[in-house]
Every structure is written in C-alpha cells, then in structure tokens.
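Trainee: Take a look at this one; I'll ask things after.
The values are calculated or read from the model by the stated rules, or taken from the named source; none is laboratory data. Quick caveat, the model's predicted, so the values are computed rather than measured. Glycine gets a Cβ as well: all are built from the backbone with ideal geometry, and neighbour counts include every protein chain shown. Quick note on the areas: whole protein, heavy atoms, side chains included, nothing else; ligands and nucleic acids left out. Shrake-Rupley method; radii C 1.70, N 1.55, O 1.52, S 1.80 Å.
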Amino acid sequence: TGLQLIRSTEEFREWYENIERKLDEANEAKYRQMIYSLCQDKEKMIFMLHTVEDCVQKLEQIQIIRLSVLETTVRFKSECESLVSERKRFSELADALRKRLKYFEELETLSLKFSSGKDAISPTHPDFVRILHRLDECVAYASSSTGAVAEADGYLARFLELQRRAFTMIRDYTVGTLRATTNAII
C-alpha cells in the first residue's frame, strides 16, 4: 500500500512497521548471506592455514635433511681427499720400494750372466763391462742397505760371490789369452 491510502495514524503506523519489517527482512537476508559467506571463507582460511603449517613443517624437515646431506657431503669430500692423499703417498712409497728392490731383483739376471750356462757371457762380450758396472752398483747398494733392509746381508754376499766369479772369468780369460799368445810366440 502506498501513502495515498493512509488515512489515519493507525494506518500510518501499520504502514511504517510493515516497511520496517520488510527492510529488516531484506537486510537480515543480506547479512545472513554475508555471515554464511564469511563462515565459508573462514573454513577455507583455516584449511589454508593448516596446509601452510604442514608445508612449513615439511620445509623444516627438508632443511634438517639438507643440513645432514651437506655435512655428509663435506665429510665424504674430506675423506676422499684424505684417501687420494694417502693413495699418492702409498704410490710414492711403492715407487721408492720398487726402485730399491730393483737392485735385489737383478740378482737372478746377473747370476745367469756370470754362470757357466747358455746365458753366460764372456769378458769379450760387448755388454760385459756394462753388466760388471751394474753388478758394482748392486754391491754398493746392498752394502749401504745392510741393517736397513731385511736380507740385505744375504744379497750382499751373493753379489760379492758374483763379483768373484766375474773377476775369475776375467782372470781365466786373461791367463788363457796370455798362454795362447805365449804358445803362438814360442
């Protein structure tokens, strides 16, 4: 009803109350809708907050694992560097030992050269002086290693025996040559 139909104060009051009630109902529905929407938004926010808290917790766990991996990597790198250094040191030690053992390993070869077998050489052989020089080096090394290298005394004795054989070969060759020359002259 419009204002034209109002004839009394009572009708005006009813009309006014009716409009106020309709306004209240319209506002109430609008506010109820806002409250409902806000409640849904609040639930979404709470869900998002829980999700973010879970993410933060997982990130903290990842950070702890990352630090552990970093520590392990640093330790592993350090151990690898230590192993490489130790390997290098052992390699150098092995080379030094090989160099030292080379003298002792030549005993067999020199024994064959100064024996009476098929590999023996005579004082006239072109390599005789070089082999005799190598024998002298082995004697010198073995004599300098006595007491410092196990069994160096035994090797020294064998090298000296080979040296005696070489000198005997030289003596025998010289004596034989002198006899042959003497017999050729006489």
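Trainee: Given the -39500 (n - 2.57) contribution per DSSP H run of 4+ residues, what per-residue ellipticity at 222 nm results for the chain, rounded to the nearest 500 deg cm²/dmol? Each step should come with its number before you reach the end.
Mentor: On the way: 3 runs with 156 residues, N = 186.
Calculated at 222 nm, the ellipticity per residue is -31500 deg cm²/dmol.
Trainee: For the chain, set up a GNM with springs between Cα atoms under 10 Å and report which of GLU53, GLU79, GLU92 has the largest fluctuation.
Mentor: Answer for the Gaussian network model of the chain: GLU53.
Trainee: Residue by residue through region 18-34, what is 3J(HN,Hα) from phi via Karplus (6.51 cos²θ - 1.76 cosθ + 1.60, θ = phi - 60°)? Round to whole Hz and write x for glycine and proline.
Mentor: My calculation for region 18-34 gives 4, 5, 4, 5, 5, 5, 4, 5, 5, 5, 5, 5, 5, 5, 4, 4, 4 Hz in order.
Trainee: Here is a further query. With a 10 Å cut-off between alpha carbons and a GNM built on the chain, which of ILE131, ILE65, ILE19 moves the most?
Mentor: ILE19
Trainee: If the reach is capped at under 26 angstrom between alpha carbons, list the lysines near LYS30, excluding any in the same chain fewer than eight residues apart.
Mentor: Correct list for LYS30: LYS22, LYS42, LYS44.
Trainee: Which of these, TYR141, TYR36, TYR173, has the largest mean-square fluctuation under a Gaussian network model of the chain (Cα springs below 10 Å)?
Mentor: Answer for the Gaussian network model of the chain: TYR36.
Trainee: OK, next. Kindly list the residues of region 41-65 that lie in the label zone of GLU71, defined by a backbone N under 15 Å from the point 7 Å along the Cα-to-C-beta vector.
Mentor: 61-65
Trainee: Using alpha carbons only, how many angstrom separate the centre of region 1-44 from the centre of region 121-186?
Mentor: Value for the Cα centre distance between the two parts: 132 Å.
Trainee: Keeping every protein chain present and rolling a 1.4 Å probe, give me the accessible area per residue for region 45-144 in Å². Numbers along the way, then the final one.
Mentor: On the way: 8010 Å² over 100 residues.
Heavy-atom accessible area per residue stands at 80 Å².
Trainee: Among ALA142, ILE185, SER37, whose Cα projects farthest towards the positive end of the dipole of the chain, with charges put on the beta-carbon of Lys, Arg (+1) and Asp, Glu (-1)?
Mentor: Comparing the listed Cα positions along the dipole, ILE185 ranks first.
Trainee: Between VAL129 and ASN18, how many nm apart are label points set 7 Å from Cα along the C-beta direction?
Mentor: It is 14.6 nm.
Trainee: Moving to a separate point now. What does the charge count around ASP127 come to, taking other residues whose C-beta lies under 13 Å from its C-beta (Lys +1, Arg +1, Asp -1, Glu -1)? All intermediate terms of the calculation are to be shown ahead of the outcome.
Mentor: Numbers: positive: LYS113, ARG130, ARG134; negative: ASP119.
Its environment carries a net charge of +2.
Trainee: Hey, another quick one. Treat every Asp and Glu Cβ in region 19-148 as -1 and every Lys and Arg Cβ as +1, leave all other atoms uncharged, and give the resulting dipole magnitude about the Cα centre to the nearest 20 debye. Write out the running numbers ahead of the final one.
Mentor: Values: 21 positive and 22 negative charges, 70 e Å.
The calculated dipole for region 19-148 is roughly 340 debye.
Trainee: Run the accessible area of the chain with a 1.4 Å probe and give the carbon-and-sulfur part as a rounded percent. Write down the numbers at each step before the final one.
Mentor: Values: 9080 of 15250 Å².
Its accessible area is 60 percent carbon and sulfur atoms.
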